[in-house]
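The structure appears right after this line, and notes come after that.
The values are calculated or read from the model by the stated rules, or taken from the named source; none is laboratory data. From a predicted model like this one, the values you see are computed outputs, not experimental measurements. Cβ sites come from the backbone with ideal geometry, for glycine too, and all protein chains shown count toward neighbours. When the accessible area is computed, the model is the full protein with side chains, heavy atoms only, and any ligands, DNA or RNA have been set aside. Shrake-Rupley method; radii C 1.70, N 1.55, O 1.52, S 1.80 Å.
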Amino acid sequence: AKVAGKNCYRFYSRAMDQAVERRVHLEHELRGAWDRGELSLVYQPVYRLGDGAMVGAEALLRWRHPEQGLVAPSVFIDVAEQSGLIETLGPQVLRAACQDAVRWQHVRPAASEPLFVSVNVSPRQLRSGDLPNVVAACLHDTGLAAHNLHLELTETAVIGDEIHASNLLARLRSTGVKVWLDDFGTGFSGLSHLRRVPVDGVKIDRSFIADVLRDPDDLALTTAIIAMAHSLGITVVAEGVEKEGQYAVLRERGCDLAQGYWLGHPVGADEFMTLLG
Ligand code: C2E
Ligand code: CA
Ligand code: CA
Ligand code: CA
């Protein structure tokens, strides 16, 4: 047993070394990836449940590695966050998304309401402090109206230093930008948080939506989140809607907006434009 244990240990430590090595390697390659044109944004449409109109889209980053193909965002965003690369990458993503959103408004019929673009902001970007300046510069340079930009923050970004986060969010919101809490319901803070942290909306995590037709607890939770958010004047988005039945039940429960594969997959910037004409 001792020998096996030792071998196990060696095996695990080698596997760990390899994982660390891979991260270091990825970090190195990610550093120049934007300039080499390997990174791009895809857009997933967001719909209003009341009338089925498309109202905006979420920008999602893609990395097409020359040898490895598509690298999962869950992997490379984490690398960017840990290494600090996100502090240069984040503003580049923000700028590109604002530029694309300005193009959308131009191809839309004159009378239609403008579409928002929703951009994910990582905890480190929020902590870096100059986010309000970065956002203001982006809006100024691209000409996107502030209310057409949504920033998606995770609960974990806000937890910890609530006073700092609240001040930052208040500053951002005072410029007209909308702030959303992403993956809502997965953190520990939950609903009580919403009283202290000023946000415009919450995105119910797709793990709840996945089971909303099968698991009464998830339906109850989803319904409670909607009711609570609405009582605070907060908008609710459901993400990960993959079935018509989920859409129907969310609509019936008064959820405001939804996105998911059933409604539309994330698509490249050019393809997204063809959805608008
Ligand atoms: P997220 O913000 O929760 O984004 C939603 C994820 O769900 C996306 O995965 C999207 O492709 C996927 N999705 C959309 N509809 C469905 C559905 O119906 N079913 C299922 N199962 N999944 C659906 P993706 O693109 O792989 O992104 C993963 C995460 O990476 C994002 O989660 C976000 O946290 C992060 N991320 C992506 N782009 C950026 C970025 O530009 N900046 C930052 N900071 N994070 C990003
Ligand atoms: Ca998101
Ligand atoms: Ca999410
Ligand atoms: Ca469940």
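Right, residue 276: modelled with pLDDT under 95 and in a helix (DSSP H, G or I) or not?
No; evaluated as a whole, the condition is false for this residue.
Regarding region 114-122, can at least one residue be identified that is buried (at least 17 other Cβ atoms within 10 Å of the Cβ) and away from ligand 1 (no atom under 16 Å from the Cβ)?
Yes.
State all residues of region 76-97 that are open to solvent by 50 Å² or more (accessible area, probe 1.4 Å) and more than 14 Å from residue 38 (Cβ to Cβ); if no residue qualifies, say none.
Hits for region 76-97 are 77, 78, 82, 87, 88, 95.
Hey, residue 138 hits all of (1) out of contact with any Ser or Thr (no Cβ under 7 Å at 6 or more places or on another chain); (2) not in a helix (DSSP H, G or I) but one; which does it fall short on?
Here residue 138 clears every test but (2).
Every residue, every condition in (1) under 19 Å from the mean Cα position of the chain (by Cα); (2) within 22 Å of residue 253 (Cα to Cα), yes or no:
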| site | (1), (2) |
| --- | --- |
| 171 | no, no |
| 182 | yes, yes |
| 186 | yes, yes |
| 223 | no, yes |
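Test residue 243 against the stated conditions and say whether it is open to solvent by 70 Å² or more (accessible area, probe 1.4 Å) and modelled with pLDDT of 95 or more. Reasoning before the result, please.
Working: open to solvent by 70 Å² or more (accessible area, probe 1.4 Å): yes; modelled with pLDDT of 95 or more: yes.
Considered against the rule, which asks whether it is open to solvent by 70 Å² or more (accessible area, probe 1.4 Å) and modelled with pLDDT of 95 or more, residue 243 comes out as yes.
Looking only at region 235-248, how many residues end up being farther than 12 Å from residue 211 by Cβ and within 16 Å of ligand 3 (Cβ to nearest atom)?
Looking only at that region, the number is 6.
Tell me the strands (runs of 3 or more DSSP E) entirely within region 8-108 that contain at least 3 residues that are in contact with a helix residue (DSSP H, G or I) (Cβ under 8 Å, 6 or more places away or on another chain) and within 30 Å of residue 178 (Cβ to Cβ).
Hits in region 8-108: 39-48, 54-65.
Considering only residues that are farther than 21 Å from residue 269 by Cβ and either in contact (Cβ under 8 Å) with a residue 60 or more places away in the chain or within 17 Å of the chain's Cα centre (by Cα) (or both), look in region 62-75 and name the one that is surrounded by the most Cβ atoms within 10 Å (Cβ to Cβ).
Among those that are farther than 21 Å from residue 269 by Cβ and either in contact (Cβ under 8 Å) with a residue 60 or more places away in the chain or within 17 Å of the chain's Cα centre (by Cα) (or both), it is 75.
Being farther than 16 Å from residue 72 by Cα and of a type in the set (A, V, I, L, M) is the filter; apply it to region 25-59 and report the residue that is surrounded by the fewest Cβ atoms within 10 Å (Cβ to Cβ).
The qualifying residue surrounded by the fewest Cβ atoms within 10 Å (Cβ to Cβ) is 53.
Please go through region 137-156 and give me each residue that is under 23 Å from residue 81 (Cβ atoms), hydrophobic (A, V, I, L, M, F, W, C) and open to solvent by 10 Å² or more (accessible area, probe 1.4 Å), ordered by number.
Taking region 137-156 first, the residues under 23 Å from residue 81 (Cβ atoms) are 137-138, 149-156.
Filter once more, keeping what is hydrophobic (A, V, I, L, M, F, W, C): 137-138, 149, 151, 153.
137 - this is the single residue of region 137-156 that is under 23 Å from residue 81 (Cβ atoms), hydrophobic (A, V, I, L, M, F, W, C) and open to solvent by 10 Å² or more (accessible area, probe 1.4 Å).
Can you tell me which residues in region 251-277 are open to solvent by less than 30 Å² (accessible area, probe 1.4 Å) and either within 16 Å of ligand 4 (Cβ to nearest atom) or among the polar types (S, T, N, Q) (or both)?
Answer for region 251-277, where residues must be open to solvent by less than 30 Å² (accessible area, probe 1.4 Å) and either within 16 Å of ligand 4 (Cβ to nearest atom) or among the polar types (S, T, N, Q) (or both): just 259.
Does region 98-124 hold any residues that are within 16 Å of ligand 3 (Cβ to nearest atom) and out of contact with any Gly (no Cβ under 7 Å at 6 or more places or on another chain), and which are they?
119, 120, 123
Give 268, 254, 245, 185 a once-over and let me know the one that is more than 19 Å from residue 51 (Cα to Cα), away from ligand 2 (no atom under 16 Å from the Cβ) and of a type in the set (Gly, Ala, Ser).
268
Within region 246-262, track down each residue that is assigned to a loop (DSSP other than H, G, I, E, B) and either in contact (Cβ under 8 Å) with a residue 24 or more places away in the chain or over 18 Å from residue 44 (Cα atoms) (or both).
Passing the criteria: 253, 254, 255, 256, 259, 260.
Any idea which residue in region 80-123 is nearest to ligand 2 (Cβ to nearest atom), counting only those that are in contact (Cβ under 8 Å) with a residue 60 or more places away in the chain and among the β-branched types (Val, Ile, Thr)?
119
Please enumerate the residues belonging to region 212-233 that are open to solvent by less than 50 Å² (accessible area, probe 1.4 Å) and within 16 Å of ligand 3 (Cβ to nearest atom).
Residues satisfying the conditions are 212, 218, 222, 225, 229.
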